[in-house]
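The values are calculated or read from the model by the stated rules, or taken from the named source; none is laboratory data. Predicted model only: the values in this text are computed from it and were never measured. Here the Cβ positions follow ideal geometry from the backbone for every residue, glycine too, while neighbour counts run over all protein chains shown. For accessibility, only protein heavy atoms count, side chains too; no ligands or nucleic acids. Shrake-Rupley method; radii C 1.70, N 1.55, O 1.52, S 1.80 Å.
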Amino acid sequence: MTNTVRLSPATRSTALPPDGLPLRLPLPADHPEPVLDVVVPVFNEERDLEPSVRRLHRHLHDTFPYPFRITVADNASTDATPRIAARLAADLPEAEWIRLAEKGRGRALRAAWSRSRAPVLAYLDVDLSTELTALLPLVAPLISGHSDLAIGTRLARGSRVVRGPKREVISRCYNALLRSTLAVGFSDAQCGFKAVRRDVAERLLPLVEDSGWFFDTEMLVIAERAGLRIHEVPVDWVDDPDSRVDLIPTAVADLRGIARIGGALARGALPTADLRRADAGPAPGSPVGRSPRPGAAGLLTTVGYVLLYVSLRTVTGPQEANAWALLCCAVVHPAAHRRLTPGRSGRGGAPRRRPGGLLALGTGLALTGGALAALHRWVPHPGRPGEVAVLAVADLATTLLCPLLLRARVFSSAFTAGARGGETR
């Protein structure tokens with residue numbers, strides 16, 4: 001029924017005030033139009049769509065004190081999902097649906113939120129893994145004017161989560177990577193349970209480039225860097241064993257997104273000026289004005305190393321791809337370290353850093369090359385995920401080992417210099 005809707009630069013310049021966001025005010029109690037628009041993005045969900053939407057509708061009808069709307073955003077489904085969505089829109093007066101020609105959760109949210117006139121915009125996953133009792137606590141701070149965005153979190157104290165160890169480890173590692181590389185303050189980037197005020201979304205959505213699963217993370221990073229207030233709600237969450245998320249391509253896309261956002265932060269290129277509130281500075285806990293941690297350069301380089309290896313591996317062997325990826329990252333890492341670490345700008349220490357760089361490169365080649373050789377000896381056809389996992393562990397070992405080797409080298413040089421000085425006196 002519709003394709004992705006975006007505000008053009010010309011439209012944004014005339015429709016929105018140029019001096020930042022207006023004051024954050026509470027919504028009136030007697031708002032006549034829908035206050036909340038809950039988007040449910042779907043792709044080939046003919047089994048879950050109708051029971052989930054009807055359950056959501058009953059919950060909102062019974063518990064939500066304002067007018068509401070439910071929007072089903074169909075991502076180019078090829079099964080009966082469009083017919084079911086149309087039937088729900090005809091049966092439920094508060095429901096409607098839109099159809100997109102392309103897949104992508106971020107694309108669906110951008111389209112549905114851009115066309116909505118509700119002052120509060122939200123979304124949740126169709127499997128309803130998040131307990132619906134958290135929906136009112138999620139949107140209440142936006143309705144009252146307390147916050148700009150709100151997210152459900154599965155990683156905060158008070159959350160109750162039921163899921164397998166594999167997804168638990170992946171989720172925690174991903175959010176730890178975000179905190180280490182991008183210095184974010186929010187705890188759970190990818191829980192499918194979020195809300196945003198429409199006046200914020202009008203400024204924020206045109207700045208978000210991703211149209212897939214990284215959409216959430218990018219939106220939150222930009223909002224937090226602009227000093228917007230992000231409210232977190234601990235949720236009860238039960239894993240859907242029939243999840244359609246393809247973990248390996250999604251993880252690679254997320255790593256690319258982290259590298260892209262990290263590069264924009266290093267260059268100071270995130271355009272956040274239009275997102276600042278006229279009446280307030282950075283929100284409590286926001287990293288605005290805070291320098292990235294010294295480890296950010298190393299972790300960004302690791303992300304780049306993995307992405308380079310995956311790309312080069314399609315045209316060459318594992319050892320060659322590994323060597324080229326390590327060499328490229330060895331060239332890039334010192335510049336990233338100077339840009340991201342306070343007090344490290346400039347080239348004054350470059351000659352002194354060269355031995356350390358050669359040591360890191362040699363150690364990395366030895367550990368990662370050895371790990372690859374051992375993997376291919378034990379497992380004849382490990383596949384890309386197996387290679388990437390082994391290389392990530394070997395690269396982490398390199399990161400931990402190099403400072404120890406360098407320190408031992410420095411102490412050894414100092415001892416030798418001292419001994420020689422004693423001989424000449």
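Along the range 129-137, what does the Karplus equation 6.51 cos²θ - 1.76 cosθ + 1.60 (θ = phi - 60°) give for ³J(HN,Hα), rounded to whole Hz, x for Gly and Pro?
Once rounded to whole Hz, the list reads 4, 7, 5, 5, 5, 7, 5, 5, x.
Name the long-range amide H neighbours of Phe193: under 5 Å, sequence gap of 5 or more, or other chain; modelled H, no Pro or chain starts.
Sorted by chain and number, the residues that satisfy this are Gly152.
Once a ≥ b ≥ c are taken as the square roots of the eigenvalues of the Cα gyration tensor of the range 120-202, is the result rounded (a/c under 1.5), prolate (a/b larger than b/c) or oblate (a/b not larger than b/c)?
It is oblate, given that a/c is not under 1.5 and a/b is not larger than b/c.
So, in Å, what gap is there between the alpha-carbon centers of the range 112-165 and the range 173-210?
Result: 13 Å between the Cα centres.
Of the heavy-atom accessible surface of the range 72-189 (probe 1.4 angstrom), what whole percent is carbon and sulfur? Numbers along the way, then the final one.
On the way: 2380 of 4460 Å².
Carbon and sulfur atoms account for 53 percent of the accessible area of the range 72-189.
Taking Cα pairs under 8 Å and at least six residues apart, what relative contact order does the range 67-139 come out at, in percent?
29 percent
Report, by chain and number, residues whose modeled amide H sits under 5 Å from the one on Val39, excluding near sequence neighbours (fewer than 5 apart, same chain).
Result for Val39 returns Thr71, Ala122, Tyr123, Leu124.
Compute the accessible area per residue over the range 61-157, keeping the other protein chains in place, probe 1.4 Å, unit Å².
So the range 61-157 comes to 36 Å² accessible per residue, rounded to a whole number.
Please list 3J(HN,Hα) in residue order for the range 47-61, calculated via the Karplus relation 6.51 cos²θ - 1.76 cosθ + 1.60 where θ = phi - 60°; whole Hz, with x for glycine and proline.
7, 8, 4, 5, x, 5, 5, 5, 5, 4, 4, 4, 4, 5, 4
Kindly sort His231, His57 by accessible area of their heavy atoms, largest first, with the probe set to 1.4 Å.
Ranked list, largest accessible area first: His231, His57.
Would you rank Thr217, Thr63 by solvent-accessible area, highest first, keeping every protein chain in place and using a 1.4 Å probe?
Correct descending sequence by accessible area is Thr63, Thr217.
For Asp236, which sequence-distant residues (separation of 5 or more, or a different chain) have an amide H within less than 5 Å of its own amide H, given hydrogens modelled in the peptide plane?
The list, which skips near neighbours in sequence, is Glu131, Arg160.
Using a 10 Å cut-off on Cβ atoms, rank the peptides 129-136, 146-153 from the highest mean neighbour count down. Please report the intermediate quantities before stating the final value.
On the way: 129-136: 18.4, 146-153: 22.8.
Listed from highest to lowest mean packing, they are 146-153, 129-136.
³J(HN,Hα) across the range 311-322 via Karplus (A = 6.51, B = -1.76, C = 1.60, θ = phi - 60°), whole Hz, x for Gly/Pro?
5, 5, 5, 6, 10, 8, x, x, 5, 5, 4, 5
Label the range 12-121 by shape, choosing from rounded, prolate and oblate, from the square roots a ≥ b ≥ c of the eigenvalues of the Cα gyration tensor; if a/c is under 1.5 it is rounded, and otherwise prolate applies when a/b is larger than b/c, oblate when it is not.
Numbers: a/c = 2.85, a/b = 1.37, b/c = 2.07.
Judged from the Cα gyration tensor, the range 12-121 comes out oblate (a/c at least 1.5, b/c at or above a/b).
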